[in-house]
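What follows is a single structure, written as structure tokens, with notes after it.
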């Protein structure tokens, strides 16, 4: 049975500081979840500010609607994927916005709801963040060949034992389908040598991360979402991104760096011919992380990294 939607937003004060909402602003929460960050933005902005909340998960949108009901028509909630932020804003008649927030990854509610398949204890291997995704994790495990499975585990999970785990998955599915999270955990534990399973994180963590990213096409969605957000930011508008693993953070860091550069002509070129001008000013030299107190209160904030930039 699905649990009640709970949303404990991470890095709340840091989000408020870098987004710097104001009363006449329009803001987008591209991963509105249960509405925790959105509520903070509206409270800090004061009367007059408007917020557009986007999410792929119908349960998240329903929870956000309840949490943000007191703000009335200052809130517009839209089902969709933040990778198409421009299309969403076109649909509701918004040209430019003063701030965009992306809080990436899987939500606490999705992790805790065993029916969603994100947990090692899950009843089934689903892992879809919303109904707009066709194939489940179980589908990928059943259909992909060994080489593609290895690539996904290596690239998206940075899994040292990707080749062995892929081979063990293919051998196990010859006997019976891998449809239950606990079955997949058993396969991974059989594939990873005992010495490598002692200490450190759960041996299935990287494989589950890789499958979730593949199911939801998360990295390409992030690249598209970042590009779309910059296009719709007004002058001095802020883009704030919270990531939870190195692959996401690397994409955000690289994007911010590239968008803050001017001329990209070769050093030997006598004059600039590319005409490139910076579109962003990076506000965070290093990623901002949670305090010890926040980590103690909300352990899932431990891996959160916030980066922010301003449109120029």
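The values are calculated or read from the model by the stated rules, or taken from the named source; none is laboratory data. Please read all numbers here as calculations on a predicted model, not as lab measurements. Note that each Cβ is placed from the backbone with ideal geometry, even for glycine, and that neighbours are counted across all protein chains shown.
Of all residues in the stretch 218-237, those that are surrounded by 22 or more Cβ atoms within 10 Å (Cβ to Cβ) and part of a strand (DSSP E or B) total 2.
Against the test of being modelled with pLDDT of 95 or more and farther than 20 Å from residue 38 by Cα, the options 305, 286 yield a single qualifying residue, 286. Only one of the numbered conditions (1) closer than 25 Å to residue 226 by Cα; (2) under 20 Å from the mean Cα position of the chain (by Cα); (3) surrounded by fewer than 22 Cβ atoms within 10 Å (Cβ to Cβ); (4) touching a residue at least 12 places away in the same chain (Cβ under 8 Å) is not met by residue 136, and that is (1).
Taking the criterion of being at pLDDT below 95 and assigned to a helix (DSSP H, G or I), no residue of the stretch 37-57 qualifies. Among the conditions (1) assigned to a loop (DSSP other than H, G, I, E, B); (2) surrounded by fewer than 22 Cβ atoms within 10 Å (Cβ to Cβ); (3) without any contact (Cβ under 8 Å) to a residue 60 or more places away in the chain, the only one that residue 202 does not satisfy is (3).
So is residue 196 loosely packed, with under 15 Cβ neighbours inside 10 Å and either assigned to a helix (DSSP H, G or I) or touching a helix residue (DSSP H, G or I) at 6+ places or on another chain (Cβ under 7 Å) (or both) or not? Considered against the rule, which asks whether it is loosely packed, with under 15 Cβ neighbours inside 10 Å and either assigned to a helix (DSSP H, G or I) or touching a helix residue (DSSP H, G or I) at 6+ places or on another chain (Cβ under 7 Å) (or both), residue 196 comes out as yes.
Here the condition is being within 18 Å of the chain's Cα centre (by Cα) and either farther than 30 Å from residue 235 by Cβ or crowded, with 18+ Cβ neighbours inside 10 Å (or both); of 99, 86, it holds for 99 alone. Scan the stretch 255-284 for residues that are part of a loop (DSSP other than H, G, I, E, B) and over 21 Å from the mean Cα position of the chain (by Cα) and the total you get is 20. Among residues of the stretch 102-132 being out of contact with any helix residue (DSSP H, G or I) (no Cβ under 9 Å at 6 or more places or on another chain) and either at pLDDT 95 or above or farther than 18 Å from residue 184 by Cβ (or both), the one that is surrounded by the fewest Cβ atoms within 10 Å (Cβ to Cβ) is 132.
Residue 60 meets all of the listed conditions (1) within 22 Å of the chain's Cα centre (by Cα); (2) part of a helix (DSSP H, G or I); (3) modelled with pLDDT of 95 or more but one, namely (3). The lone criterion from (1) part of a helix (DSSP H, G or I); (2) within 16 Å of residue 208 (Cβ to Cβ); (3) touching a residue at least 60 places away in the same chain (Cβ under 8 Å) left unmet by residue 165 is number (3).
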